[in-house]
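A.B. asks: My questions all concern the structure below.
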Amino acid sequence: MELYIHPKSPPCWAVLLLGRQLNLKINQKVLELRTKEHLREDFIQINPEHTVPTLVDRDFILSESRAILSYLMDAYAGNNHPLYPRAAKERAVIQHRLNFDLGTLYTRFYASCSPMWNRGATSTEEQRDKLYEALGFLETYLGRSRYAAGDHLTIADVSLVSTVSAIELCRIKLERYPKLVAWYQRCKTELIGYADIVACQFEAVQSSLSAV
């Protein structure tokens with residue numbers, strides 16, 4: 001299978017991390033967003049939204065990282081893998097956390113932190129407060145269980161830890177959320193490949209932020 005990515009994209013990190021957990025062979029096709037490679041006609045033919053990550057699995061095409069995570073589990077992880085168990089209530093909580101990541105945490109992270117990538121731009125106090133509020137929601141969820149959707153790692157953690165890593169990169173203080181910090185450290189230790197998929201990006205991203 002092929003995965004169109006950008007190396008500094010948190011949703012791409014999530015899919016690559018899951019690939020490591022499942023030992024999948026994924027051919028990475030890097031698109032340079034600054035030079036608008038994602039707007040090439042050949043890529044738009046694959047994904048008209050021209051977003052990354054985009055998965056091409058033979059004749060099947062799928063974008064949106066959280067959908068890709070669910071698909072890979074169903075297609076390649078067997079009948080009842082602990083990262084995405086079949087039990088209805090467990091799966092419902094996982095899906096809630098994935099939707100929370102997409103619709104709340106990642107959305108607020110992007111609104112608050114993306115101005116940092118433009119020279120001279122800053123986020124508003126309201127945007128930062130909204131992000132801190134979303135982190136507070138995650139802190140509450142982590143007060144109910146050891147991981148984001150239960151007492152073991154799931155694809156919800158894979159997605160959320162990618163977003164939280166990006167939030168930390170943008171110099172958002174996490175110390176006020178002790179349960180989140182403890183969970184974050186566990187995920188970084190337990191997820192196979194975190195160091196060379198996510199942590200390796202920290203120096204490069206921080207250098208680029210210092211330059212703007």
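The values are calculated or read from the model by the stated rules, or taken from the named source; none is laboratory data. Here the structure is a predicted model, which means the values were calculated and not measured. Here Cβ is always computed from backbone atoms with ideal geometry, including for glycine, and neighbour counts include all displayed protein chains. We work out accessible area using only protein heavy atoms, side chains counted, and drop any ligands, DNA or RNA first. Shrake-Rupley method; radii C 1.70, N 1.55, O 1.52, S 1.80 Å.
A.B. asks: Going through the range 7-52 one residue at a time, which ones are assigned to a loop (DSSP other than H, G, I, E, B), in contact with a strand residue (DSSP E or B) (Cβ under 7 Å, 6 or more places away or on another chain) and within 26 Å of Leu83 (Cβ to Cβ)? Lay out the reasoning, then the answer.
C.D. replies: Within the range 7-52, the subset assigned to a loop (DSSP other than H, G, I, E, B) is 7-9, 23-26, 31-36, 40, 47-52.
Now drop any that are not in contact with a strand residue (DSSP E or B) (Cβ under 7 Å, 6 or more places away or on another chain), which leaves 7, 26, 31, 47, 49, 51-52.
Answer for the range 7-52, where residues must be assigned to a loop (DSSP other than H, G, I, E, B), in contact with a strand residue (DSSP E or B) (Cβ under 7 Å, 6 or more places away or on another chain) and within 26 Å of Leu83 (Cβ to Cβ): Pro7, Ile26, Asn47, Thr51, Val52.
A.B. asks: Another question, if that's okay. Looking at (1) free of Cβ contacts under 8 Å to residues at least 24 places away in the same chain; (2) in a strand (DSSP E or B), which one does Leu55 not meet, given that it meets all the others?
C.D. replies: Leu55 satisfies all of (1) free of Cβ contacts under 8 Å to residues at least 24 places away in the same chain; (2) in a strand (DSSP E or B) except (1).
A.B. asks: Tell me, which residue of the range 106-117 that is in contact (Cβ under 8 Å) with a residue 60 or more places away in the chain and over 11 Å from Ile172 (Cβ atoms) is least open to solvent (accessible area, probe 1.4 Å)?
C.D. replies: Tyr106
A.B. asks: Right, something else. Quickly run through the range 107-137 and pick out the residues that are aromatic (Phe, Trp, Tyr), touching a Leu at 6+ places or on another chain (Cβ under 9 Å) and at pLDDT 95 or above.
C.D. replies: Listed by number, the residues that qualify are Phe109, Phe137.
Okay, residues lined up against (1) closer than 20 Å to Pro10 by Cα; (2) part of a helix (DSSP H, G or I):
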residue	(1), (2)
Arg91	no, yes
Gln95	yes, yes
Phe109	yes, yes
Thr122	no, no
Leu135	yes, yes
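A.B. asks: Still on this structure, I have one more. Being charged (D, E, K, R) and under 21 Å from Tyr106 (Cβ atoms) is the filter; apply it to the range 176-202 and report the residue that is surrounded by the fewest Cβ atoms within 10 Å (Cβ to Cβ).
C.D. replies: The first filter runs over the range 176-202 and keeps only residues charged (D, E, K, R), leaving 176, 179, 186, 188, 190, 196.
With the extra rule that they be under 21 Å from Tyr106 (Cβ atoms), the set shrinks to 176, 179, 186, 188.
On the way: Arg176: 11, Lys179: 16, Arg186: 15, Lys188: 15.
Checked the range 176-202; the qualifying residue surrounded by the fewest Cβ atoms within 10 Å (Cβ to Cβ) is Arg176.
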